[in-house]
Amino acid sequence: MELIPLVKTNMPREDILIPRLKEVLYSGYVAQGDSVDEFEQSFEHYIGKGKALTVNSGTAALHIALDLIGVSEGDEVISTALTAEPTNIAIKMAGGKIRYADIDYNTGNISAQSIRDSINENTKSIMIVDYAGIPVNVRAIQQISDDFSIPVIHDAAHSIGSKYDGKVAGNHFPYTAFSFQAIKHITTVDGGMLHLKSESEYEKGKLIRWFGLDKSKTRFENNITTLGYKYHMNNVNATLGIIQLETIQDTISKHIENGKYFDKMLADVPGIETLEYYTNTEPSYWLYTLKVENREGFIAKLKENGIMASELHKRNDHHSLLNDFPTELPNLNKFYERLVHIPCGWWVKKEDRERIVNIISSGW
Ligand SMILES: *Cc1c(COP(=O)(O)O)cnc(C)c1O
C-alpha cells in the first residue's frame, strides 16, 4: 500500500512547465540571466519589499547571510537544535560556533528568554527557524536584537508564506533565507533565496554569491577582494521558480486549510498535545507537528492505515560536529520525546484529512 507521504515534490503541471522549460533549455543561455532576474523581481513582489538574491540552495543563502554579518573564527551564533542540519552546518561553514538556546515547549520554536540568557561577549548573530512553518516569537526576538544590537538571521526554509502582523516572512528581520529544495512548499529542484532589507548588503551579497566577481564588469576590470562562492542560480531553476510563484498562494492556502483543520479536530484528542502559536502569527504549516504519548504506537497505527508519520529531524546537538558547547535543553528533551509529524501539505485531500483525524481519534 502506498502511504500518504509526509512530504512531496511540488512539480508544476506538465502542460505549463514543459514548453517553458524547453524554451529556456534550448535558448542558448542556461546560465544566470534574464530568467533569474525575473524570478527575483517576482519574489520581491511576493514579499512586498526588500531585495531578493537567488542562490542555488537555502544553505547557500544562510552562508551568505553569516558572511555579510562577518561571522568568523571565535564568533558564536545562538541557534536552535530543533531544525534540519543545514541551519547549523551553515554556521560551521562560516567558521562560527553554535550556542544552543532552548525551545518553548508549547511551540517547538527557539525561546526568546533562552536567547537572552545565552548572549555573551562572543555572540555575533542569532539564527532563528520557524520550525514546521510556525513563526517564531517575532516581536520578542526583534526586541532582543535591538537591545543588544545583534543581527538576526531568519531561516524561513519551512515557513514561506507564514505571517506575522499580517506580513509574510521576509519582512521581519534583516536576513531571511528560503529554500526551494525538492520537498519544500515550492521547489526549483534545488535552490534558495536570501531576502535582504538593505540595498548595500544586497550588493555585497551579489559578490559573495559569485566568486567575489562583479558581474557588471569585465574580468579585467574586476579585482577580487572578497571571498565568494559558486552559489548563483541558473536560468533553468529560475524558470521553475517563476512558474511556482504564479500559484504560490494556492499551494500555501492548501497547507493552511489542512493545518487549521487539524488544529481544530485534534485539540481535544486524548494522548495528544497540539502546538500553540504566538500572538499575531499565522503558520504556513509545511509539516503538522504534534506531541504524542507512545510515539512508536502512534506511528505504527498510522502506518497500518496508509499514513506516514515521523519525527523527521534529529536534534542537531546530537551530531558531534554541531555540539560546540554541550548545553542542557530541558524543554527540548521533553518535546523531542513526543515529537511527531503528520502529512498536511497540498497533496492531502479533504477525505484524507478526515480519515487521518478519525484514525488518530480512535486511539493507538
Ligand atoms: C531545507 C532547509 C534548509 C536549506 O536547505 P537547502 O537544501 O540547502 O535548500 C535550511 N534550513 C532548514 C530548516 C531546512 O529545512
Using a Förster radius of 35 Å, what is the FRET efficiency between Y29 and K260 based on their Cβ-Cβ separation? Nearest 0.05, please. 0.20
Find how much the distance from S253 to V189 grows on full extension, using 0.36 nm per residue of separation minus their present alpha carbon separation; answer in nm with one decimal. 20.9 nm
Scanning the chain for helices, which whole DSSP H stretches are 24 Å or more long along the axis (Cα) and average -1.0 or more by Kyte-Doolittle? 248-266
Okay, helix-only estimate at 222 nm for the chain: each DSSP H run of n ≥ 4 adds -39500 (n - 2.57), divide by all residues, round to 500 deg cm²/dmol; what do you get? -11500 deg cm²/dmol
Distribution of pairwise C-alpha distances over the chain, 10 Å bins, in %: 5, 24, 32, 25, 11, 2, 0, 0
Here, chymotrypsin sites (Phe, Trp or Tyr not before Pro) of the stretch 180-267 satisfying both criteria (DSSP loop; at most 10 other Cβ within 10 Å) are F220
For an R0 of 45 angstrom, estimate the FRET efficiency from the Cβ-Cβ distance between E273 and N122 and round to the nearest 0.05. 0.80
Name the residues whose placed amide hydrogens come within less than 5 Å of the amide hydrogen of I103, ignoring near sequence neighbours (fewer than 5 apart) on the same chain. S111, N331, L332
Considering only L329, L245, L82, whose Cα is most displaced toward the positive end of the charge dipole of the chain, charges sitting on Cβ of Lys, Arg (+1) and Asp, Glu (-1)? L245
GNM on the chain, C-alpha springs below 10 Å: top fluctuator among S198, S179, S159? S198
Note, the stretch 116-121: 3J(HN,Hα) by Karplus (6.51, -1.76, 1.60, θ = phi - 60°), whole Hz, Gly/Pro = x, goes 3, 6, 8, 5, 9, 5
On a full-extension model of 0.36 nm per residue, what is the gain between E199 and E354, subtracting their alpha-carbon distance, rounded to one decimal in nm? 51.1 nm
Computed for the chain: size of charge dipole around the Cα centre, +1 on C-beta of each Lys and Arg, -1 on C-beta of each Asp and Glu, debye to nearest 20, value 460 debye
Loop-located trypsin sites (Lys or Arg not before Pro) in the stretch 188-266, at most 11 other Cβ atoms within 10 Å (DSSP): K217, R219
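Where a number appears in this text, it was derived from the coordinates with a stated rule and is not lab data. Predicted model, so just to flag it, every value in this text is computed and none were measured. Note that each Cβ is placed from the backbone with ideal geometry, even for glycine, and that neighbours are counted across all protein chains shown.
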